[in-house]
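Just below is one structure, and these are the notes that go with it.
The values are calculated or read from the model by the stated rules, or taken from the named source; none is laboratory data. If you're wondering where the values come from, they're calculated on a predicted model, not measured in any experiment. As a convention, Cβ positions derive from the backbone with ideal geometry for all residues, glycine included, and neighbour counts pool all protein chains shown. Areas reflect the complete protein model, heavy atoms only, side chains present, ligands, DNA and RNA absent. Shrake-Rupley method; radii C 1.70, N 1.55, O 1.52, S 1.80 Å.
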Amino acid sequence: MAESPRPLAVVTGASTGIGHELAKHCAENGFDLIVAADEPRIHEAAQAFRGMGVEATAVEADLATLEGVDKLTAAIGGRPVDALLANAGRGLGKGFLDQDFDQVRHVIDTNVTGTVYLIQKVGRGMRARGQGRILITGSIAGFTPGTYQAVYNATKAFLDSFAFALRHELKDSGVTVTCLMPGATETEFFERADMLDTKVGQAKKDDPADVAKTGFEAMMRGDGDVVSGWHNKLQTAIASVTPAGMLAEQHRKMAEPGSGQK
Ligand SMILES: NC(=O)c1ccc[n+]([C@@H]2O[C@H](COP(=O)([O-])OP(=O)(O)OC[C@H]3O[C@@H](n4cnc5c(N)ncnc54)[C@H](OP(=O)(O)O)[C@@H]3O)[C@@H](O)[C@H]2O)c1
């Protein structure tokens, strides 16, 4: 791969959902790929991306751990990263006091600790070279206190905020930071978060291919943030002028266990 003339994109959480679609966009646009996820399915994904005419390396690693992130950066080796799409993340439904703490911690460590550790390691190389693109998958969930998904929404509030701050720290460095903020999207997310019995889990959702297209294009333009879909744009505009208590109550109606149709 060191010989390839193509630029390199590193995409985390590329085995399924939004990350898989983001990696496809990278391949369609001539990026070689290093793709990462925690389960063996990532190897099949890499195989599919190779079928698109680019080089693709799969890294199976738990990005909630520093060792997992180190495994990914070791696979990158000395090759310059042109685009880092830090997308891996997971949700967790149910009441906070009823959640298993190991799972709570895994959400925080995946969405926050592993993500910022990876961005710091790869971002330093980008800054030194004076070029690079970073896309962080935040969420419109970051605008709303997530009743019955409290920890997840808080991690996304962290990422939405972090992305903007880092962008401004890197102003004039040649490195852009873009935050993709999807709304509810049709992926394995809600099943993995054990939220299929909720209203939001059962509602019609956005197509991950559309969400990824919006995010990829925003990253290539170097935009600061992008909310995918007009209905989500409207929702965030309303959220910005709605009291937090009211937002938390609205979220309860969407995410409370059993709130969906039986
Ligand atoms: N779906 C939505 O409604 C929605 C809305 C807003 C934002 N988002 C965000 O979009 C991103 C992608 O989610 P998705 O909806 O596409 O869900 P998804 O289909 O469940 O995909 C999540 C991806 O992240 C990987 N991943 C999760 N934890 C990991 C870990 N510890 N180490 C390595 N890889 C890990 C998964 O791979 P493994 O299975 O191998 O772990 C998978 O490839 C997440 O950051 C999520 O928070 C989703």
Positive-pole candidate from Ala14, Thr187, Thr155, dipole of the chain, charges at beta carbon: Thr155
Approximate spin-label separation Arg105-Gln202, in nm, with each point projected 7 Å along Cα-to-Cβ: 3.5
Contact order relative to length of the chain, as percent, for alpha carbon pairs under 8 angstrom and 6 or more apart: 19
For the range 139-207 and the range 1-71, distance of Cα centres in Å: 21
Percentage relative contact order, the range 134-204, counting C-alpha pairs under 8 Å, at least six apart: 35
Positive-pole candidate from Ala83, Trp230, Ala248, dipole of the chain, charges at beta carbon: Trp230
Estimated 222 nm signal from helices in the chain, with DSSP H stretches of n ≥ 4 weighted -39500 (n - 2.57), rounded to 500: -14000 deg cm²/dmol
Size of charge dipole - the chain - debye, nearest 20, with Cβ of Lys, Arg +1 and Asp, Glu -1, no other charges: 600
The chain - percent of accessible surface contributed by carbon and sulfur, probe 1.4 Å: 54
Inverse of mean 1/r across different Cα pairs in the chain, Kirkwood, Å: 18.4
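Taking a 1.4 Å probe, which of Thr178, Thr113 shows the most accessible area, and what order do the others take after it?
Accessible-area ranking of Thr178, Thr113, largest first: Thr113, Thr178.
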Ile108 accessible area, assembled protein chains, probe 1.4 Å, Å²: 60
Spin-label zone in the range 38-62 - amide nitrogen under 14 Å from a point set 7 Å from the Cα of Ala74 along the C-beta vector: 59-62
Within the range 158-214: Cβ-based charge dipole about Cα centre, in debye rounded to nearest 20 (Lys, Arg +1; Asp, Glu -1): 180
Accessible-area value, Val116, 1.4 Å probe, nucleic acids and ligands omitted, Å²: 40
Long-range HN-HN contacts of Ser259 with modeled amide H, under 5 Å: Lys199
